[in-house]
Amino acid sequence: AEHRERFDLRAALPRIPGLLVGLVLFGVGIGMMVESGLGLGPWEALHQGLADQLGIQIGTVSILLGIPILLLWWPLGERPGLGTILNVVLIGASTNWAIALIPTADTVPTQLLLMIGGVLVIGLGSATYLSADLGPGPRDGLMTGLHHRFGWSIRRARTAIELIVLVIGWALGGTIGLGTVVFALGIGPVIQVFLRIVDRDDRVGRRRRARLEAEGVLGE
């Protein structure tokens, strides 16, 4: 019922603008971090490494990789929403647009500004699209799918996957550095702060608590 609700256009219509803005902001934030040259989050480092190897744009890799990741949902018991499908396309496309529009940082202060700004914009984008509650992104769904299928904690699933992804991204030539560390430590708190602003009716919190209570894992 939950995933059907996320495809109900009449119910979703008021939330679609927030979803679209959030996804575009997320892509812009990634573009800012790319142009800072100081390092990327695990998935973006992987996308950048693959983009370098294949000679295509990083956002295009994000879109292409999102499709097989989404296919992994089915055996794991996850189901997409409208937001999941738009997530695959819009984040990658807006990453490409942002990289085309934002000049590469050529001084340390500009690098730091773009990197910190990128983390903040990604956090705002994440909170905005999460508050629309129209389906998680493909990579988030992979982690919750592993949680439900194998009983891993969400934290364990996320840490394991992101470490593997980060190592592969680094091996392929993705940028790892200060930005990677700031992203890893800062993105969670930044999203929480922005969720309090953009999700004032606590839609995301209520949905998560209801699901955890139903599964008997509240307080994990």
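With every protein chain present, what is the per residue accessible area of the chain (1.4 Å probe, Å²)?
On the way: 11070 Å² over 220 residues.
It amounts to 50 Å² per residue over the chain.
With springs only between Cα atoms under 10 Å apart, run a GNM on the chain and tell me which of Leu46, Leu25, Leu13 wobbles the most. Ranking Leu46, Leu25, Leu13 by mean-square fluctuation puts Leu13 first. When each full DSSP H helix of the chain is screened for a Cα extent of at least 15 Å along its own axis and an average Kyte-Doolittle hydropathy of at least -0.5, the helices passing are 16-36, 42-54, 58-71, 82-101, 108-132, 154-171, 178-198. By definition, a body whose alpha carbon gyration tensor gives a ≥ b ≥ c is prolate when a/c is 1.5 or more and a/b is larger than b/c, and segment 124-164 fits this prolate description.
Only one item in (i) 28, 19, 17; (ii) 35, 20, 15; (iii) 34, 27, 13 matches semi-axes √(5λ) of the Cα gyration tensor in Å derived from the coordinates shown, and that item is (i). Between Leu124, Leu23, Leu38, the Gaussian network model of the chain with springs among Cα atoms under 10 angstrom shows the greatest mean-square fluctuation at Leu38. Label segment 7-73 by shape, choosing from rounded, prolate and oblate, from the square roots a ≥ b ≥ c of the eigenvalues of the Cα gyration tensor; if a/c is under 1.5 it is rounded, and otherwise prolate applies when a/b is larger than b/c, oblate when it is not. Oblate shape, in that a/c is at least 1.5 and b/c is the bigger or equal ratio.
A helix-only calculation puts the chain at -25000 deg cm²/dmol for mean residue ellipticity at 222 nm, using -39500 (n - 2.57) for each DSSP H run of at least four residues, averaged over all residues. Within the chain, what whole-number % of the accessible surface is contributed by carbon and sulfur, with the 1.4 Å probe and all protein chains included in the calculation? Ligands and nucleic acids excluded, carbon and sulfur reach 68 percent. The distance separating the Cα centre of segment 96-130 from that of segment 12-79 comes to 14 Å.
To the nearest 20 debye, what charge dipole does the chain have about its Cα centre, counting +1 at the Cβ of each Lys and Arg and -1 at the Cβ of each Asp and Glu?
Once rounded to the nearest 20, the dipole reads 580 debye.
As a rough guide to protection, the peptides 104-116, 86-98, 176-188 ranked by mean Cβ packing within 10 Å, highest first, stand as 86-98, 176-188, 104-116.
The values are calculated or read from the model by the stated rules, or taken from the named source; none is laboratory data. What you see is a predicted model, and the numbers here were worked out from it, not measured in a lab. No Cβ is skipped: glycine too gets one built from the backbone with ideal geometry, and neighbour counts run over all protein chains shown. Side chains included, ligands, DNA and RNA excluded: accessible areas come from the protein's heavy atoms. Shrake-Rupley method; radii C 1.70, N 1.55, O 1.52, S 1.80 Å.
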